[in-house]
Amino acid sequence: MVTPENSKETDIETSIIKVDIAIVGAGPAGLAAAREVSATGATAAVLDSYARPGGQYFKQTPQTFRAKRPGRLHHDYAPAQALFGVAEASPRLTLRTNTTVWTAYGSDNGFSLHCYRPGESSLEVRAKKVILAPGAYDRALPFPGWDLPGVMTAGAIQTLAKSQRVLPGRRIVLSGSGPFLLPVAALLAESGANLAGVFEATRPVVMLRYGSAAWNGRAKLGEGAGYLRVLRRYGVPYRFGRAVVRAEGAGRVERVSVTRLNPDWTIMPGSLETLEADTVGVGYGFTPSTDLSQLFGCEHRYEPTQDASFALHDARQQSTKPGVFVAGEICGIGGSAVALPQGAIAGLAAALDLDPSLSSKSEANSRLARFQAEARQAQAFAGTLNRMFALRPGWQSWATPETIICRCEEVTLGKIQTAINEFDLKNVKAVKLTTRCGMGLCQGRVCGQAVSSFTASLTGRDPAETGSFSNRPIVRPVPLGELVQ
Ligand SMILES: Cc1cc2nc3c(=O)[nH]c(=O)nc-3n(C[C@H](O)[C@H](O)[C@H](O)COP(=O)(O)OP(=O)(O)OC[C@H]3O[C@@H](n4cnc5c(N)ncnc54)[C@H](O)[C@@H]3O)c2cc1C
């Protein structure tokens with residue numbers, strides 16, 4: 001219930017917002033959390049770096065486009081509109097877009113989140129509980145030439161084509177692993193792109209192994225089959241067990257080498273073929289955005305099938321840090337089908353914790369149980385997909401000693417190998433300090449997972465042991481002026 005103490009209070013002068021619950025991320029997880037918080041009568045601030053709410057799955061075109069039929073480019077348009085409506089219209093919710101949380105901390109008095117807003121005063125959000133729903137970013141694997149202009153992530157291509165209505169090149173190749181390649185390929189084909197081929201690294205025999213488990217998610221399988229039909233209609237070749245392992249050209253991509261892969265993803269000798277292309281989209285799944293959960297001191301677990309670490313949580317989505325809830329991709333890559341119920345659980349649980357005497361508590365508890373069952377079912381299917389499309393270690397053999405791994409600081413694989421051998425380095429933090437990889441503008445978001453994997457294999461240690469880049473108190477780049485406000 002809203003009381004004078006916990007009602008929404010906005011102080012424009014000092015740019016401080018005081019709410020019951022701060023929600024980071026306005027993707028499916030964050031928006032579902034906001035809907036539930038609002039329904040219980042508590043107040044929340046929803047913060048997102050992007051200009052419009054929606055995150056990745058419900059991504060919107062810019063408002064200035066005034067699309068006549070915006071639903072045509074949208075996943076699940078009606079449910080997305082319902083969530084946008086609640087976030088924008090509820091008097092208990094404050095939605096702030098173009099707002100990046102760059103640092104945060106907790107104390108006995110609650111939590112404080114500091115936000116950067118380009119062109120506006122800085123903002124501090126004070127809350128009693130925090131829900132982290134920051135999603136993920138897409139993952140590229142390094143190969144010779146991956147740093148040439150024209151090579152980009154499949155997600156970047158999707159964003160250009162879907163929300164900006166721009167085709168990234170004249171002749172495009174997609175390469176990677178996992179179901180995400182399909183919607184990107186279908187979107188490009190339907191947008192009139194010249195798509196020279198889509199190369200899925202996973203072999204069909206691996207997919208068949210998981211066939212019966214995958215049947216549980218037949219609605220999603222049907223969606224995948226629909227994308228394949230689009231590719232067939234436009235005559236786009238879709239090949240399994242293959243990958244782009246080299247890109248070449250004078251100053252930008254002109255051609256790529258595509259190879260057949262062995263079961264462990266090493267290159268099958270004698271199978272290289274050359275394709276002309278000026279754009280390559282690379283997508284090997286997603287990496288969770290765990291910078292804020294690490295900053296709060298939440299515990300994470302390493303998940304081998306996704307070669308990444310995720311925030312641990314209980315059945316109510318509470319992390320190991322009391323008062324910090326987590327939902328969506330930060331808990332495990334599962335797509336919107338998992339993110340939506342997890343966000344709803346986090347929103348309800350955080351609000352229930354704030355007001356245990358909530359008049360509709362029994363109804364809230366039964367909603368909680370329903371969302372928990374929904375999340376468990378969606379997670380089972382997501383787990384099957386994650387195992388099916390798990391990265392195989394042979395991808396590390398695609399890079400040569402000259403291949404740049406950290407693009408910001410231009411650190412090659414050879415330099416990493418030499419540093420590990422010369423100084424007997426044992427973990428990723430030592431590799432970072434010795435070579436500078438991960439110290440550039442992206443703070444290891446592009447190279448971090450690759451450096452972790454190479455460090456583990458070059459030191460012969462377990463990735464859980466060699467760890468990942470250490471977290472910084474400033475999780476996103478901000479202008480210096482922001483720090484003195
Ligand atoms: C590029 C890309 C494209 C994708 N496309 C598809 C697709 O076509 N189909 C599909 O099924 N799945 C897609 N996914 C998978 C997608 O992650 C999930 O389907 C779903 O969007 C996850 O929901 P979420 O709420 O957990 O995260 P997201 O939808 O990613 O939302 C997270 C939000 O948090 C915000 N955020 C993160 N950190 C901060 C911060 N520090 N301060 C402020 N805001 C912050 C982000 O701006 C983002 O809007 C895509 C993922 C990516 C990375």
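Under 5 Å between amide H atoms, partner at least 5 residues away or on a different chain: which partners does Glu410 have, H built in plane at 1.01 Å?
HN-HN under 5 Å from Glu410: empty list.
Residues of the range 307-346 with backbone nitrogen within less than 16 Å of a virtual label 7 Å along the Cα-to-Cβ line of Ala373, please, listed as ranges.
Within reach of a label on Ala373, which here means backbone N under 16 Å from a point 7 Å along Cα→Cβ, the range 307-346 contributes 341-342, 345.
Could you give the accessible area per residue of the range 305-397, probe 1.4 Å, as a whole number in Å²?
Roughly 37 Å² per residue, with all protein chains present.
Quick one: angle between helix 448-459 and the longest Cα principal axis of the chain, in degrees between 0 and 90, rounded to 10, please.
On a 0 to 90 degree scale, this one is about 60.
Length gain on complete extension for the stretch Arg239 to Arg472, per 0.36 nm per residue less the alpha carbon to alpha carbon distance?
That pair, Arg239 and Arg472, stretches by 79.8 nm at full extension.
The range 246-356: D in µm²/s via Stokes-Einstein (Kirkwood Rh, Cα pairs, 37 °C, 0.692 mPa s)?
Reported coefficient: 191 µm²/s.
Report relative contact order for the chain in percent, whole number only (criteria: Cα-Cα under 8 Å, sequence separation at least 6).
So the answer I get is 16 percent.
For the range 370-485, take every pair of Cα atoms, bin their distances at 10 Å starting from 0, and report each bin as a whole percent.
With a bin width of 10 Å, the distribution comes to 12, 35, 26, 19, 8, 0.
Normalised by the empirical 2.2 N^0.38 Å for globular proteins, what value does the Cα Rg of the range 433-485 take?
After normalising by residue count via 2.2 N^0.38 Å, the value is 1.39.
Compute the Kirkwood hydrodynamic radius of the range 100-208, taking the inverse of the mean of 1/r over all pairs of distinct Cα atoms, and give it in Å to one decimal.
17.4 Å
Please compute the per residue accessible area over the range 122-182 with all protein chains in place, 1.4 Å probe, rounded to a whole number of Å².
Ligands and nucleic acids excluded, the result is 30 Å² per residue.
Suppose R0 equals 30 Å. What FRET efficiency, 1/(1 + (r/R0)^6) with r the Cβ-Cβ distance, do Asn98 and Ala219 give to the nearest 0.05?
0.30
Between Rg and the Kirkwood Rh of the chain, both from Cα atoms, what is the Rg to Rh ratio?
0.97
Whenever you get a sec, line up Arg242, Arg436 from highest to lowest accessible area (probe 1.4 Å, protein heavy atoms).
Putting Arg242, Arg436 in descending order of accessible area: Arg436, Arg242.
Report the Cα centroid-to-centroid distance between the range 66-90 and the range 123-192 in angstrom, as an integer.
21 Å
When the Kirkwood hydrodynamic radius is evaluated over all pairs of different C-alpha atoms of the range 165-258, what value in angstrom, to one decimal, is obtained?
After inverting the mean inverse Cα-Cα distance, the result is 14.3 Å.
Keeping all protein chains in place, calculate the accessible area per residue for the range 399-466 (probe 1.4 angstrom), answer in Å².
Dividing the accessible area of the range 399-466 by its residue count gives 47 Å².
Going by average Cβ density within 10 Å per residue, which order do the peptides 89-95, 137-143 take, highest to lowest?
137-143, 89-95
On a full-extension model of 0.36 nm per residue, what is the gain between Cys442 and Tyr210, subtracting their alpha-carbon distance, rounded to one decimal in nm?
Between Cys442 and Tyr210, full extension yields 79.9 nm more.
By the gyration tensor of its Cα atoms, with a ≥ b ≥ c the square roots of the eigenvalues, what is the shape of the range 33-91: rounded for a/c under 1.5, prolate for a/b over b/c, or oblate?
prolate
With everything on Cα atoms, drop me the angle between helix 218-233 and the longest principal axis of the chain, reported from 0 to 90° to the nearest 10.
50 degrees
Tell me, Kirkwood radius of the range 304-369 from alpha-carbon pair distances, in Å?
This gives a value of 12.6 Å.
Could you work out the helix-only [θ] at 222 nm for the chain, with each DSSP H run of four or more residues adding -39,500 (n - 2.57) and the total divided by the number of residues, to the nearest 500 deg cm²/dmol?
-10000 deg cm²/dmol
Considering the zone a paramagnetic label at Glu273 would reach in this model (a point 7 Å from Cα along the Cα-to-Cβ line), which residues of the range 233-247 have amide N under 13 Å from it?
The answer is 237-244, whose backbone nitrogens lie closer than 13 Å to the label point.
At a 1.4 Å probe radius, carbon and sulfur cover how many percent of the accessible area of the range 276-384?
Roughly 51 percent of what the probe reaches on the range 276-384 is carbon or sulfur.
Relative to the first principal axis of the alpha-carbon coordinates of the chain, what is the inclination of helix 361-388, with its axis defined by its Cα atoms, in degrees from 0 to 90 and to the nearest 10?
The helix 361-388 is inclined about 10 degrees to the chain.
State the antiparallel share, in %, of DSSP beta bridges confined to the chain, rounding to the nearest 5.
50 percent
Please get the size of the charge dipole for the chain, origin at its Cα centre, with Cβ charges of +1 on Lys and Arg and -1 on Asp and Glu, quoted in debye to the nearest 20.
1400 debye
Over 16 Å apart: what share of the alpha carbon pairs of the range 145-190 falls there, rounded to a whole percent?
31 percent
Could you give the length gained by full extension between Asp147 and Arg126, i.e. 0.36 nm per residue of separation minus their alpha carbon distance, to one decimal place?
3.5 nm
Give the share of C-alpha pairs in each 10 angstrom bin for the range 287-433, from 0 to the last occupied bin, in whole percents, shortest bins first.
10, 29, 28, 18, 10, 4, 0
Take the range 399-466, compute every pairwise Cα distance, and split them into 5 Å bins from 0; I just need the percent in each bin.
3, 21, 33, 27, 14, 2
The values are calculated or read from the model by the stated rules, or taken from the named source; none is laboratory data. Note that this is a predicted model, so its numbers are computed, not measured. Cβ atoms come from the backbone with ideal geometry, glycine included; neighbour counts cover every protein chain shown. Ligands, DNA and RNA are stripped out before the accessible areas are found, and what is left, the full protein with its side chains, is counted by its heavy atoms. Shrake-Rupley method; radii C 1.70, N 1.55, O 1.52, S 1.80 Å.
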